[in-house]
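Report on one structure; see the data block that follows.
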Number of protein chains: 2
Amino acid sequence: MTNTYKRLVLASRPRGQVTPDNFRLEEVPVPEIADGQLLVRNHYLSLDPYMRMRMEDVKSYAAPQAIGETMIGGTVGEVVASKHPKFKVGDKVQGMFGWSEMGVSDGALLRKLDTTHVPLSAYLGAVGMPGMTAWYGLTQIMQPKPGETIVVSAASGAVGSVVGQLAKLRGCRAVGIAGGAEKCAYVVDELGFDACIDYKAGRLEADLAAATPNGIDAVFENVGGDVFDASLARMNPFGRIALCGMIAGYDGEPMPIKNSRVFLTMRLTMRGFIVSEHMDLWPQGLQELGGLVAAGKLRFRESVAQGLEAAPEAFIGMLKGKNFGKQLVKLI
Amino acid sequence: MTNTYKRLVLASRPRGQVTPDNFRLEEVPVPEIADGQLLVRNHYLSLDPYMRMRMEDVKSYAAPQAIGETMIGGTVGEVVASKHPKFKVGDKVQGMFGWSEMGVSDGALLRKLDTTHVPLSAYLGAVGMPGMTAWYGLTQIMQPKPGETIVVSAASGAVGSVVGQLAKLRGCRAVGIAGGAEKCAYVVDELGFDACIDYKAGRLEADLAAATPNGIDAVFENVGGDVFDASLARMNPFGRIALCGMIAGYDGEPMPIKNSRVFLTMRLTMRGFIVSEHMDLWPQGLQELGGLVAAGKLRFRESVAQGLEAAPEAFIGMLKGKNFGKQLVKLI
């Protein structure tokens with residue numbers, strides 16, 4: 001083991017689109033651990049859209065990422081040194097060590113992982129925060145009944161792919177929206193959605209109408225903008241909308257909801273949510289998600305960038321939809 | 001009693017703003033009533049914003065008002081002839097006889113009224129559909145806790161005035177938004193709101209910020225547009241929005257929600273509703289509202305137009321905010 005490790009800190013806040021020089025690579029000494037602490041070598045870093053919002057200095061659900069501090073992020077890795085009674089060297093753990101090759105913890109907020117039937121990286125995806133985000137939005141907000149039609153945008157992504165598969169398992173018609181024919185083919189052929197609309201094909205409204213002949217009963221929204229307005233136009237009375245993200249507006253573009261009248265005429269309910277505020281439901285959700293992944297009933301796909309230095313470019317690409325499935329960075 | 005009565009029918013659908021020639025006055029014979037029927041002489045007609053949406057031929061929660069048919073509307077009046085076992089001449093009743101001096105009913109959907117402590121006209125306002133709209137939105141969607149701040153737009157109106165007074169009775173800080181200094185003075189001095197913002201004064205955002213030093217926990221929205229966006233900008237985490245109307249857009253103007261991101265960052269819940277779909281709660285709500293009016297604890301104001309012929313102009317004025325309090329038409 002070397003005596004140093006690398007991490008990426010926020011160097012400056014983006015003006016519009018994120019650029020590589022918003023980040024700075026640092027190489028720092030591996031710290032000595034004190035009694036009650038443990039040292040983790042991270043294997044994978046998760047890249048997620050929420051990080052873009054943290055880079056802004058605006059009032060939101062979380063304090064902004066501080067300049068000069070390690071970029072926030074979920075990680076999975078292995079304990080390489082421990083003076084903590086509950087963790088031993090070799091334990092696989094999930095934590096929030098950020099864009100960093102290593103991290104020190106006192107054990108709080110660290111979760112031991114069983115990789116017997118579920119691969120380590122899946123704990124950052126379908127059996128981690130993205131999977132729980134899908135599970136929470138579907139079961140707690142959308143509450144679809146068998147036979148209802150649900151629509152999810154960014155359907156090939158880490159969250160959207162789980163939303164649709166869980167909806168299918170509950171007897172719903174699942175329709176995805178994704179960017180490009182390849183992603184749409186994957187959503188239908190491999191994930192088992194009933195249909196997927198390619199929003200880049202230029203026929204969003206017509207294609208969505210054809211794919212939702214009985215209208216839409218519930219939406220899981222990741223994108224916002226025109227994609228969201230198209231779904232709103234197809235909503236049935238008493239429709240439910242889980243608002244998870246508006247990635248189309250994360251660079252500061254105006255993101256108006258134009259079809260606002262539909263909320264009134266169709267008596268819709270919309271709720272924005274942050275899954276980390278509902279930790280009480282994680283055991284229940286993770287049990288279902290882990291069981292489905294272990295049984296091969298919940299499929300997922302990963303885009304893996306190699307090495308911490310590749311993280312900024314992978315992150316910028318993800319914000320533009322260039323990833324295909326869950327975006328990870330392999331750190332070892 | 002004359003042998004004829006007057007009614008107003010929809011002559012044409014508005015293109016943009018409603019104009020008087022969208023209506024046509026008809027004088028028709030008073031019908032003979034059959035066994036099981038009764039005849040009502042209407043005393044007051046209620047004019048309400050929802051009627052504007054019914055004039056459009058668009059997909060909504062209700063079928064559009066048919067061309068050539070009597071304009072829809074709530075009425076209160078007196079039974080003048082009866083062959084119905086449960087109604088006798090002289091009974092005061094509330095019904096949906098529309099923009100019409102008289103109406104025939106088989107008793108279904110007709111409600112007998114007790115005017116001992118509550119004036120007849122109040123059953124079209126604070127103790128009728130507008131009051132129930134306020135009660136439902138506040139108690140079922142906004143669910144404010146004592147000490148929380150609620151904001152209601154169109155605060156001097158039939159619905160808004162009740163929202164704020166019910167919130168005050170529940171220990172909340174109630175802030176209104178209304179058009180003009182006179183309405184705002186009424187909202188604060190007579191209705192007892194803590195503050196009222198005059199949106200016509202040109203300082204909407206700054207005035208609302210000053211009146212909501214602890215942010216906004218729940219909104220009752222009647223107006224939409226810039227007024228709604230201003231409230232959204234002040235929302236606290238987990239805020240609730242009862243979406244009742246968007247009167248600013250009823251003539252077909254685009255009505256985007258510009259501050260859409262706040263739904264995500266503040267994890268807001270918004271629900272559009274139509275109070276007539278929740279009849280199960282009317283007995284409970286009307287009991288509270290009737291008791292408060294009878295006890296003088298729920299105040300209201302009426303704008304009364306004289307005679308059915310005055311209804312179109314009064315309706316057009318109401319859509320522009322020219323009324324002050326509940327808009328009625330006195331028919332007798």
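In this structure, is A:SER153 within 14 Å of chain B (Cβ to nearest Cβ), open to solvent by less than 10 Å² (accessible area, probe 1.4 Å), among the polar types (S, T, N, Q) and in contact (Cβ under 8 Å) with a residue 40 or more places away in the chain? Walk me through how you get there before you give the answer.
Details: within 14 Å of chain B (Cβ to nearest Cβ): yes; open to solvent by less than 10 Å² (accessible area, probe 1.4 Å): yes; among the polar types (S, T, N, Q): yes; in contact (Cβ under 8 Å) with a residue 40 or more places away in the chain: yes.
Yes, satisfied.
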Checklist entry - Do we have A:LEU45 as more than 14 Å from every other protein chain (Cβ to nearest Cβ) and either more than 13 Å from A:PHE315 (Cβ to Cβ) or in contact with an Asp or Glu (Cβ under 8 Å, 6 or more places away or on another chain) (or both) here? => result no
Checklist entry - Failed condition for B:ALA66, given (1) assigned to a loop (DSSP other than H, G, I, E, B); (2) within 14 Å of chain A (Cβ to nearest Cβ), with all others met? => result (2)
Checklist entry - Which ones in segment A:210-230 are over 22 Å from A:ALA158 (Cβ atoms) and crowded, with 18+ Cβ neighbours inside 10 Å? => result A:ALA211, A:THR212, A:ILE216, A:ASP217, A:ASP229, A:ALA230
Checklist entry - Right, B:SER260: of a type in the set (Ser, Thr, Tyr) and either over 19 Å from B:TYR136 (Cα atoms) or over 26 Å from the mean Cα position of the chain (by Cα) (or both) or not? => result yes
Checklist outcome for this item: Across (1) within 14 Å of chain A (Cβ to nearest Cβ); (2) closer than 20 Å to B:SER121 by Cβ, B:GLN306 clears everything bar (1)
Next on the checklist: Going residue by residue through segment A:316-325, is there one that turns out to be outside the structural domain of A:VAL219 (by TED's automatic domain parsing), at pLDDT 95 or above and open to solvent by 30 Å² or more (accessible area, probe 1.4 Å)?
Outcome noted: no
Item to check | Index of the failed condition, B:ASN236 passing every other in (1) facing chain A (nearest Cβ under 10 Å); (2) polar (S, T, N, Q); (3) under 19 Å from B:GLU148 (Cα atoms) | outcome: (1)
Item to check | Some residue of segment A:181-199 being more than 14 Å from chain B (Cβ to nearest Cβ), under 23 Å from A:PHE263 (Cβ atoms) and modelled with pLDDT of 95 or more | outcome: yes
Checklist entry - Is one or more of the residues making up segment A:162-172 of a type in the set (Gly, Ala, Ser), more than 11 Å from every other protein chain (Cβ to nearest Cβ) and either under 21 Å from the mean Cα position of the chain (by Cα) or open to solvent by less than 30 Å² (accessible area, probe 1.4 Å) (or both)? => result yes
Next on the checklist: Can you find, within segment B:240-267, the residue that is farthest from the other protein chains (Cβ to nearest Cβ) among those that are open to solvent by 30 Å² or more (accessible area, probe 1.4 Å) and under 21 Å from A:VAL223 (Cα atoms)?
Outcome noted: B:ASN259
Checklist entry - Do we find a residue being at pLDDT below 95 and touching an Asp or Glu at 6+ places or on another chain (Cβ under 7 Å) anywhere in segment B:259-275? => result yes
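The values are calculated or read from the model by the stated rules, or taken from the named source; none is laboratory data. What you see is a predicted model, and the numbers here were worked out from it, not measured in a lab. Glycine also receives a Cβ, built like all others from the backbone with ideal geometry; neighbour counts cover every protein chain displayed. Remember, those area values only see protein heavy atoms, side chains included, never the ligands or the DNA or RNA. Shrake-Rupley method; radii C 1.70, N 1.55, O 1.52, S 1.80 Å.
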